[in-house]
């Protein structure tokens, strides 16, 4: 039996006196597409940042490829993990090409000249994400959806085995949401890139993920196939409300029917 790509055991993290993650146990297998869901303040983004060591200092165990997270240099960790934050943050002052090329920093340093191998990785990343057509534009000139694809391209240029994505399709229109998930599903299925995403879109989570994990107040309260999540006995524990469902004729999955406020 092969060891998991990520293994988290009894992991807790505090902001001051506030416990944000509380004895989290989670494994992630090579090639999985896993979604983390839960209400606001559940610790979802914090968990991603602990995995990428943006937030150090937690208690418990995190293993990446069978090695303790603390034993990795930040540069070596970047060869295994690519982190894509929410697109709503500050926009870096670079062109698309400049930003994607920075994805090679774990191999060459941030400002070193790129080799032929590096250039090939950058070209592949811009091709698979569909951003080559505006590679000379500044990031500030792109729409939120285009910019998110660029951020994913930079992470793919790292040639990591694991992508961490924090709400990759939030605030995007339906067209760009579809394009983002088409890219993610392609690299997951064709290249076996492992994907761990945080999302508030429960329907999207169950449609794209092999497994869904729910956090509530920093603890794992559900882990299993998305079809099992779509049950009010489970969802009421997570969100303190019930939902209505509809059967999707294309996937055969039970999905949440959007609610419309009525006067």
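The values are calculated or read from the model by the stated rules, or taken from the named source; none is laboratory data. All values reported here derive from a predicted model rather than from experimental measurement. Note that each Cβ is placed from the backbone with ideal geometry, even for glycine, and that neighbours are counted across all protein chains shown.
Only one of 89, 103, 66, 57 is out of contact with any strand residue (DSSP E or B) (no Cβ under 6 Å at 6 or more places or on another chain) and free of Cβ contacts under 8 Å to residues at least 12 places away in the same chain. Can you tell me which?
Numbers: 103 fails: free of Cβ contacts under 8 Å to residues at least 12 places away in the same chain; 66 fails: free of Cβ contacts under 8 Å to residues at least 12 places away in the same chain; 57 fails: free of Cβ contacts under 8 Å to residues at least 12 places away in the same chain.
Within the list 89, 103, 66, 57, the selection yields 89.
Yes or no: the stretch 211-224 includes at least one residue that is surrounded by 14 or more Cβ atoms within 10 Å (Cβ to Cβ), in contact with a helix residue (DSSP H, G or I) (Cβ under 7 Å, 6 or more places away or on another chain) and assigned to a loop (DSSP other than H, G, I, E, B). Spell out the reasoning first.
Of all residues in the stretch 211-224, those surrounded by 14 or more Cβ atoms within 10 Å (Cβ to Cβ) come to 211-223.
Cutting the leftovers down to in contact with a helix residue (DSSP H, G or I) (Cβ under 7 Å, 6 or more places away or on another chain) gives us 212, 214-216, 221-222.
Subsequent filtering for residues that are assigned to a loop (DSSP other than H, G, I, E, B) retains none.
No.
Residue-wise test of (1) outside any strand (DSSP E or B); (2) at pLDDT below 95.
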{"position": "2", "(1), (2)": "yes, yes"}
{"position": "8", "(1), (2)": "no, no"}
{"position": "11", "(1), (2)": "no, no"}
{"position": "21", "(1), (2)": "no, no"}
{"position": "35", "(1), (2)": "no, no"}
{"position": "46", "(1), (2)": "yes, no"}
{"position": "50", "(1), (2)": "yes, no"}
{"position": "75", "(1), (2)": "yes, yes"}
Does the stretch 157-166 contain at least one residue that is without any contact (Cβ under 8 Å) to a residue 60 or more places away in the chain, under 12 Å from residue 82 (Cβ atoms) and surrounded by 14 or more Cβ atoms within 10 Å (Cβ to Cβ)? yes
